[in-house]
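What follows is one structure encoded as structure tokens, with my remarks underneath.
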Amino acid sequence: MARHKKGEDVNGWLIVDKPRGMGSTDVVNMTRRMFKAKKNGHAGTLDPFATGVLPVAFGEATKLLPLVTDGRKEYEFVLQWGAETNTGDSEGEIVSRCEKVPSREDILAVLPQFIGEITQVPPAFSAIKINGQRAYDLARKGEDVAVPERKVEIYTLELLEELPGCQARFRVVCSKGTYVRALGRDLARKLGTFGYLQELRRTKCGKFSLEDTILLENLKKVVHTDALKEFLLPLITSLRDIAVLAVSEADAAKLRLGQGLSPKNYDIDNLKDKQAVAVFEGSPAAIVRIDERKISPVRVFNC
């Protein structure tokens, strides 16, 4: 997360359709300068090869980054059959070849084996830290990189279409930490061939989807900062599935100070032992935990 003392207090979400060839941190730095903002950060890293949904949080919205980062992700990817690269995508060097191109029937037959909790080994060219260093930095130096395996959850994996040039397009819904390049590699191996990603596009990240995005090129055309702010989504946008508790102005002020509330003035019958977002006149005051005795602030917002 980028933190700077100078700048304006800007709060909200900017959902960028990240272009290929640009890193997530580059997007954060560019948008911080465009909005002249004190603080921003992104949810769910996309490497330069990938495109699609990159949520950028400004100001108080950065407090909600973990909720978005931990949420489900959805991707579409194009798998090139017949070769494997050291990066798992088209930007790497080919290390293995095989002439076999799997049939549609064979692909559909193995997809169920990748649903549920699976174990995968991310590519050496990944952002995973090993002994404090990024794996891709070590790999680029020619060092042998032993990336530890990890367990991830695949909720949906489907074949969308077969494409010319020995390619196929897939859609996957997965948990945080899933490496789609590793998924494509392992899928090809399971089919008795090799494969690497030609395209990788994130279509959803948490509650945000492509419909929420804006192109950086369109943002660059906007001259005035106030006009740019019109593209920001409210903090509460990332909390679409959480219950809303309307509170009084006085109680909103208490929550923002970290003070708990008595639940006797609110209808909490359906909210006991749950979290909710406490709101005054559409502005979130805090995420709260509710039980019979107290409404306790978990995370407060000072917009």
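The values are calculated or read from the model by the stated rules, or taken from the named source; none is laboratory data. Owing to the predicted nature of the structure, the values given are computational and were not obtained by experimental measurement. Here the Cβ is made from the backbone with ideal geometry for all residues, glycine too, and neighbour counts use every protein chain on show.
Looking at THR203, THR237, can you tell me which residue is crowded, with 16+ Cβ neighbours inside 10 Å, part of a helix (DSSP H, G or I), polar (S, T, N, Q) and touching a residue at least 60 places away in the same chain (Cβ under 8 Å)? Show your work before the answer.
Working: THR203 fails: part of a helix (DSSP H, G or I).
After ruling out the rest, the residue left standing is THR237.
Being crowded, with 21+ Cβ neighbours inside 10 Å, assigned by TED's automatic domain parsing to the domain that holds TYR155 and not β-branched (Val, Ile, Thr) is true for just one of PHE35, PHE77. Which residue is that? Before the answer, list the steps.
Details: PHE35 fails: assigned by TED's automatic domain parsing to the domain that holds TYR155.
It is PHE77.
Of the set (1) in a strand (DSSP E or B); (2) hydrophobic (A, V, I, L, M, F, W, C); (3) under 30 Å from ASP26 (Cβ atoms), all apply to ALA278 but (3).
Of all residues in segment 101-146, those satisfying the criterion of being modelled with pLDDT of 65 or more, under 28 Å from PHE170 (Cα atoms) and part of a helix (DSSP H, G or I) are ARG104, GLU105, ASP106, ILE107, LEU108, ALA109, VAL110, LEU111, PRO112, GLN113, PHE114, TYR136.
Taken together, the residues in segment 23-35 that are at pLDDT 95 or above and not in a helix (DSSP H, G or I) amount to 0.
Residues of segment 68-84 being of a type in the set (A, V, I, L, M) and closer than 25 Å to LEU228 by Cα, which ones? Please lay out each step first, then the result.
Of all residues in segment 68-84, those of a type in the set (A, V, I, L, M) come to 68, 78-79, 83.
Scanning segment 68-84 gives a single hit, VAL68.
VAL10: β-branched (Val, Ile, Thr), more than 25 Å from SER283 (Cβ to Cβ) and either part of a strand (DSSP E or B) or out of contact with any Pro (no Cβ under 8 Å at 6 or more places or on another chain) (or both), yes or no? It is false that VAL10 is β-branched (Val, Ile, Thr), more than 25 Å from SER283 (Cβ to Cβ) and either part of a strand (DSSP E or B) or out of contact with any Pro (no Cβ under 8 Å at 6 or more places or on another chain) (or both).
For segment 175-196, check the following and say yes or no: at least one residue is over 25 Å from THR119 (Cβ atoms) and in contact with a Leu (Cβ under 6 Å, 6 or more places away or on another chain). Scanning segment 175-196, I find no residue that is over 25 Å from THR119 (Cβ atoms) and in contact with a Leu (Cβ under 6 Å, 6 or more places away or on another chain), so the answer is no.
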